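Structure, as structure tokens:
The values are calculated or read from the model by the stated rules, or taken from the named source; none is laboratory data. It should be emphasised that the depicted structure is a prediction, and the values quoted were computed from it without experimental measurement. Don't worry about glycine lacking a Cβ; one is built from the backbone with ideal geometry, like all the others, and counts go over all protein chains shown.
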Amino acid sequence: MLSTRRESHDTVTLTLDAASRRPFQPGQFNMLYAFGVGEAAISMSGDPASPSTAVHTVRAVGAVTEAICRLKRGGVVGVRGPFGTPWPTGEAAGQDLVIVAGGVGLAPLRPVVYHALARRSDYRRVFLLVGARTPEDLLFRRELERWQARKDLTVLVTVDRAPAGWKGRVGVAPALLDAVDLSAGGAVAFVCGPEVMMRFCVRELGRRGFPDDRIHLSMERNMKCAVGFCGHCQYGPSFICKDGPVLRYDRIRSLFWRREV
Amino acid sequence: MNEADLLRRHPFARGLSDDLAQRLVPCARLTRFPEGAVIFREGGAADALYLIVSGRVALEQHVPGRGTLQMENLSGGDLLGLSWLFPGGRWTLDARAVEPTEALVLDAGALKALLDADAALGFAVSQHVIQQLYQRLERARLQRLDVYRGEA
């Protein structure tokens with residue numbers, strides 16, 4: 001572990017050394033092993049073009065992630081990966097790119113932003129719509145501010161609740177789509193966040209005439225083996241670890257609205 | 001742009017014929033609110049409908065012991081203030097401009113008289129108000145779910 005940075009009261013960004021680094025594509029994840037505790041699937045949140053480090057953002061929600069979040073500089077984690085399907089950045093080329101992130105869902109989408117900024121001319125307009133619970137829960141705050149200052153990227157941030165002094169938006173992430181003019185057509189949406197938030201996003205995109213096959217979602221299930229053998233992350237006929245986590249909405253539409261899948 | 005043009009371009013007038021929209025113009029007044037301006041306060045007489053043209057407005061609620069909380073933001077294209085729909089209506093929240101804001105302010109008394117007198121106008125306006133209220137209800141439900149709490 002080269003460094004750790006606290007993003008919020010329960011979320012930490014870890015930078016691992018080059019020995020942990022394998023080439024990855026935005027949206028893929030590694031299995032991080034906290035020795036003696038267990039393993040968890042954690043998305044890569046760093047720049048896919050940076051060869052020297054592996055960056056992950058972890059929210060402490062269970063024994064494994066709590067152990068990983070407690071690690072300090074010089075600490076050691078086991079790394080397997082990368083695994084999973086990436087965001088289809090190539091498919092979005094030449095079109096508007098609409099990135100919608102809720103909560104820690106911004107972590108697997110941050111590599112998309114790095115990628116889009118590095119190849120800015122490949123895309124038309126790029127929108128980054130970010131939702132969080134409160135201002136204190138926002139991830140990558142300084143980076144968001146830097147991105148907000150750019151002319152070639154529209155960054156809108158909202159929180160579900162805020163004190164009176166908060167100057168930013170208050171409301172749910174899908175409502176940010178109101179501020180985006182999608183009428184020009186030719187857009188692709190990448191959405192990641194809690195599943196119920198993604199359902200609202202899909203509905204809002206549908207109301208705006210956004211085609212289902214242009215919506216890509218990063219799904220989450222409990223992953224164990226990460227290579228499609230154990231079945232822990234089965235989602236209908238798919239395994240999220242192998243066939244996902246990024247899935248095209250029209251291909252999972254019938255499962256997406258079914259309970260307890 | 002004058003009141004008539006702004007009204008015609010506002011989503012509130014979507015679905016209204018030019019003739020119906022024109023009938024609303026006499027009760028509309030373009031008003032500018034500087035950043036920080038209180039547009040109305042909880043408990044005050046609800047006497048206007050605000051069609052936000054640009055800027056952003058925070059709806060706030062003072063909670064004893066917790067201070068003032070922002071419940072929701074509204075921006076260009078949104079409707080602000082529907083308490084006048086009910087007899088003896090009083091504002092149920094504070095509204096404050098968090099950015100310089102422009103709004104078409106429609107006098108509630110004049111608007112109600114117009115809607116009562118013209119069934120077609122009344123129906124079209126009701127449809128729009130219901131749609132916007134439903135959308136905001138859906139969003140309030142999502143907000144209430146507190147979806148980011150405990151996410152992995």
- Out of A:182, A:177, which single residue is in a loop (DSSP other than H, G, I, E, B), in the same structural domain as residue A:129 (by TED's automatic domain parsing) and touching an Asp or Glu at 6+ places or on another chain (Cβ under 8 Å)? A:182
- When (1) outside the structural domain of residue A:102 (by TED's automatic domain parsing); (2) surrounded by 15 or more Cβ atoms within 10 Å (Cβ to Cβ); (3) not aliphatic (A, V, I, L, M) are applied to residue A:158, the one that fails is (1)
- Message: Condition check: more than 21 Å from residue A:177 (Cβ to Cβ), over 16 Å from the mean Cα position of the chain (by Cα), assigned to a helix (DSSP H, G or I) and not aliphatic (A, V, I, L, M). Does residue A:142 satisfy that?
- Response: yes
- Message: Looking at the structure I just gave you, is residue B:77 modelled with pLDDT of 95 or more, surrounded by 15 or more Cβ atoms within 10 Å (Cβ to Cβ) and touching a Pro at 6+ places or on another chain (Cβ under 8 Å)?
- Response: no
- Message: I'd like to know if the stretch B:16-35 contains one or more residues that are touching a residue at least 12 places away in the same chain (Cβ under 8 Å) and within 14 Å of chain A (Cβ to nearest Cβ).
- Response: yes
- So residue B:115 fits all but one of (1) modelled with pLDDT under 90; (2) in contact with a Gly (Cβ under 6 Å, 6 or more places away or on another chain); (3) more than 23 Å from residue A:157 (Cβ to Cβ); what number is the exception? (1)
- Task: Go through the stretch A:163-184 and give me each residue that's facing chain B (nearest Cβ under 8 Å) and either in contact with a Cys (Cβ under 6 Å, 6 or more places away or on another chain) or surrounded by fewer than 23 Cβ atoms within 10 Å (Cβ to Cβ) (or both).
- Result: A:163, A:164, A:166, A:167, A:174, A:178, A:179
- Within the set of pairs 6+ apart or on separate chains, which have a first residue in the stretch A:35-60 that is in a strand (DSSP E or B) and buried (at least 17 other Cβ atoms within 10 Å of the Cβ), a second that is aromatic (Phe, Trp, Tyr) and modelled with pLDDT under 95, and C-beta atoms under 9 Å apart? A:44/A:24; A:54/A:24
- Message: When you check residue A:196 against the structure, is it at pLDDT below 95 and either over 21 Å from residue A:28 (Cα atoms) or touching a helix residue (DSSP H, G or I) at 6+ places or on another chain (Cβ under 6 Å) (or both), yes or no?
- Response: yes
- Query: List the pairs whose first member sits in the stretch A:2-22 and is assigned to a strand (DSSP E or B), whose second member is of a type in the set (Asp, Glu), and whose Cβ atoms are under 8 Å apart, counting only residues at least 6 apart or on separate chains?
  - Reply: A:8/A:136; A:8/A:137; A:11/A:137; A:13/A:7
- Task: Confirm whether residue A:190 is assigned to a strand (DSSP E or B) and away from chain B (no Cβ under 14 Å).
- Result: yes
- Message: Looking at A:34, A:18, A:67, can you tell me which residue is at pLDDT below 95 and away from chain B (no Cβ under 14 Å)?
- Response: A:18
- When only residues in the stretch A:147-162 that are of a type in the set (A, V, I, L, M, F, W, C) and either in a loop (DSSP other than H, G, I, E, B) or at the interface with chain B (Cβ under 8 Å from one of its Cβ atoms) (or both) count, which is nearest to residue A:125 (Cα to Cα)? A:153
- Item | Positions within the stretch A:21-50 being touching a His at 6+ places or on another chain (Cβ under 9 Å) and of a type in the set (Gly, Ala, Ser), in sequence order | A:27, A:43, A:45, A:46, A:49
